[in-house]
């Protein structure tokens, strides 16, 4: 039996947001090596398709769904596309994240914090909300990977 077929995630349907770069991309590759069926979500269509193609080369099934997690409709469509493609959801990994660095008292433009909250908090909230009924059916999991940097 090949390593791909013996993975703990073999044939599990996993959605990974933020999959075009960073932690999300690396998680996609690691899940692909374990045989997961992937739905990769991010805003950057070209980089997302590159990651999906690399996951397919590894031997996993993978689709790319252009998604802006700050938009509720995009998150709802992400879940609908997953269900239409694979019929269920076993895992949701909310890896889409934004971070800002610096001393709080140095920020004159607080709108940066709104952007961070929209991606890190509401992005996870929207995706989890729409995926939850299907995760409950499969006894699946939702995980969040949020980067916060404080000085």
*asked:* Just to check your reading of the model, which residue among 57, 82, 67 is touching a strand residue (DSSP E or B) at 6+ places or on another chain (Cβ under 8 Å) and either free of Cβ contacts under 8 Å to residues at least 12 places away in the same chain or more than 21 Å from residue 116 (Cβ to Cβ) (or both)?
replied: 82
*Output the number of residues of region 34-46 satisfying the condition of being touching a strand residue (DSSP E or B) at 6+ places or on another chain (Cβ under 8 Å) and in a helix (DSSP H, G or I).*
1
_Pick from region 107-151, criterion within 24 Å of residue 76 (Cα to Cα) and assigned to a loop (DSSP other than H, G, I, E, B), ranking: modelled with the highest pLDDT_ = 139
*In the set 49, 73, 26, which member is within 18 Å of residue 128 (Cα to Cα) and in a helix (DSSP H, G or I)?*
73
*Scan region 52-70 residue by residue and report those that are assigned to a helix (DSSP H, G or I) and surrounded by 23 or more Cβ atoms within 10 Å (Cβ to Cβ).*
52, 55
*Could you please tell me which pairs satisfy a Cβ distance under 9 Å, a separation of 6+ or placement on different chains, a first residue in region 104-132 that is over 26 Å from residue 81 (Cα atoms), and a second residue that is part of a helix (DSSP H, G or I)?*
107/113
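The values are calculated or read from the model by the stated rules, or taken from the named source; none is laboratory data. Predicted model, so just to flag it, every value in this text is computed and none were measured. Heads up, the Cβs are rebuilt from the backbone with ideal geometry, glycines too, and the neighbour counts pull from every protein chain shown.
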